[in-house]
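Engineer: I am attaching a structure below and will ask some questions about it afterwards.
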Amino acid sequence: MPFVEAITKRRSLSIVGLEKNTGKTVCLNYILRRLDEMAKVSVSVTSIGVDGEQVDSVFATAKPEVRIYRGMRFVTSEGHYVGRRLLSCLVDVDSNRTAMGRLVTAEALSSGEVILSGPSSNIGLQRLLARERANGVGLTIVDGALSRLSLASPAVTEAMVLATGAAVSPSINELVRKTVFVKRLVDLPQPEPSLRNALSAESRRGLWAVDADGLPRDLGIQSALLINADTDLLRYGKTLYVGGAVSGTLLSRLSTLGRGIALVVDDFTKLFITPEALLSFERAGGRLFALQKSNLVALTVNPTSPQGYLLDSHRLCDALSEATGIPAYDVMKIERFGNHLT
């Protein structure tokens, strides 16, 4: 998978899945193996969930273990660190505790398997990423938890790999439709520089409007979830900004207020909307923007679902590549048959 070369130019990478069992761990193992072979950048790896367990806790099926290579750093909890199957040198023990004990940072002195369980929040993860950068780590990779797209926020990691597959839907057409929608949100345009600068000048929460002079005006609404039928959202103008989550309810409300409304969010991970809600908003003349643009470097697929059905890998990858405009890779096939498939 040639995208690994692009990964070496980033400081942080998240691997996120649209569902459980979409091949995130297989993808992580492939990336770690290729980075070890390339030897271009120092690597640290962690997880925002738990990764590397031998048995799936939901489906009771076998899972791939996470393999770390000599010289790489890894961050996991005390409880999982003691079960590692490699030699390592302890680097740091974080004073903050998780459900499995304190976070441990170690450097691998040999290759072997580990269970990763890192910070449980984006704030904790941001702190960890900053610390790893300060310690000279070139690239930190974070494996995501179930449907944890917030991990892929550009405020957290610089780049992302999106894993999809048969676990999302047994229908190739439906799987492609759902994946394309996420890709479209990732690719949301940014507002013009002057507006982007005005809204990014300080941390803002709740709903804001932009007046005729291009200045943000607080609407006094702490959350987009708190609007009601009497709320005058357009009293300062038709450009709105939401500092926080956006649901389809807000888009539906804006769709009734006339044409020309522009809605700005921090990034695509703040959007909890359906394709239908977005389509209705755009048909009413609305436009959606993101202050920060995410960098999707690769799309990977697992054609097998935990329920046992198997999709046509070649047809699936071709359909996703054509619909998204970026190559899609079957990581399961690559791991079975080797690098000559890349």
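Engineer: Could you say which residue among 301, 246 is in the same structural domain as residue 30 (by TED's automatic domain parsing), surrounded by 15 or more Cβ atoms within 10 Å (Cβ to Cβ), modelled with pLDDT under 95 and not basic (Lys, Arg)? It would help to see each step written out before you state the result.
Structural biologist: On the way: 246 fails: in the same structural domain as residue 30 (by TED's automatic domain parsing).
Exactly one residue qualifies, and that residue is 301.
Engineer: Quick check on this structure: which one of 163, 198, 155, 167 is in a strand (DSSP E or B), in contact (Cβ under 8 Å) with a residue 12 or more places away in the chain and farther than 22 Å from residue 253 by Cα?
Structural biologist: Details: 198 fails: in a strand (DSSP E or B); 155 fails: in a strand (DSSP E or B); 167 fails: in a strand (DSSP E or B).
None of the other options fit; the residue is 163.
Engineer: Tell me, which strands (runs of 3 or more DSSP E) wholly within the stretch 59-115 include 3 or more residues that are surrounded by fewer than 20 Cβ atoms within 10 Å (Cβ to Cβ) and in contact (Cβ under 8 Å) with a residue 12 or more places away in the chain?
Structural biologist: On the way: elements: 66-68, 73-77, 88-98, 101-108, 112-114.
The qualifying strands (runs of 3 or more DSSP E) are 88-98, 101-108.
Engineer: Residues in the stretch 111-119: is at least one under 13 Å from residue 43 (Cβ atoms) and polar (S, T, N, Q)?
Structural biologist: Looking through the stretch 111-119, at least one residue is under 13 Å from residue 43 (Cβ atoms) and polar (S, T, N, Q).
Engineer: Continuing with this model, one more query. Go through the stretch 215-243 residue by residue and tally those that are farther than 18 Å from residue 259 by Cα, modelled with pLDDT of 90 or more and in a loop (DSSP other than H, G, I, E, B).
Structural biologist: Residues flagged as farther than 18 Å from residue 259 by Cα, modelled with pLDDT of 90 or more and in a loop (DSSP other than H, G, I, E, B) within the stretch 215-243 amount to 1.
Engineer: Do we find that residue 174 is outside any helix (DSSP H, G or I) and acidic (Asp, Glu) in this structure?
Structural biologist: no
Engineer: Now for a separate question. Just one of (1) over 30 Å from residue 212 (Cα atoms); (2) touching a strand residue (DSSP E or B) at 6+ places or on another chain (Cβ under 8 Å); (3) at pLDDT 95 or above trips up residue 313, so point out which.
Structural biologist: Evaluating residue 313 over (1) over 30 Å from residue 212 (Cα atoms); (2) touching a strand residue (DSSP E or B) at 6+ places or on another chain (Cβ under 8 Å); (3) at pLDDT 95 or above leaves (3) as the failure.
Engineer: Before we move on, is residue 269 assigned by TED's automatic domain parsing to the domain that holds residue 217, of a type in the set (Val, Ile, Thr), surrounded by fewer than 19 Cβ atoms within 10 Å (Cβ to Cβ) and under 23 Å from the mean Cα position of the chain (by Cα)? Let's see the steps before the verdict.
Structural biologist: Details: assigned by TED's automatic domain parsing to the domain that holds residue 217: yes; of a type in the set (Val, Ile, Thr): yes; surrounded by fewer than 19 Cβ atoms within 10 Å (Cβ to Cβ): no; under 23 Å from the mean Cα position of the chain (by Cα): yes.
So residue 269 fails the test.
Engineer: A follow-up question, please. Looking at the stretch 1-46, which of the residues that are under 28 Å from residue 316 (Cα atoms), in contact with a strand residue (DSSP E or B) (Cβ under 8 Å, 6 or more places away or on another chain) and hydroxyl-bearing (Ser, Thr, Tyr) is surrounded by the fewest Cβ atoms within 10 Å (Cβ to Cβ)? Spell out the reasoning first.
Structural biologist: So in the stretch 1-46, the residues under 28 Å from residue 316 (Cα atoms) come out as 1-8, 13-35.
Now narrow it down to the ones that are in contact with a strand residue (DSSP E or B) (Cβ under 8 Å, 6 or more places away or on another chain): 1, 3, 6-8, 13-19, 21-29, 31-33, 35.
Cutting the leftovers down to hydroxyl-bearing (Ser, Thr, Tyr) gives us 8, 14, 22, 25.
Working: 8: 15, 14: 25, 22: 27, 25: 24.
Looking at the filtered set, the residue picked out is 8.
The values are calculated or read from the model by the stated rules, or taken from the named source; none is laboratory data. Keep in mind it's a predicted model, so treat the numbers as computed, not measured. Backbone-built Cβ (ideal geometry, glycine too); neighbour counts: all protein chains shown.
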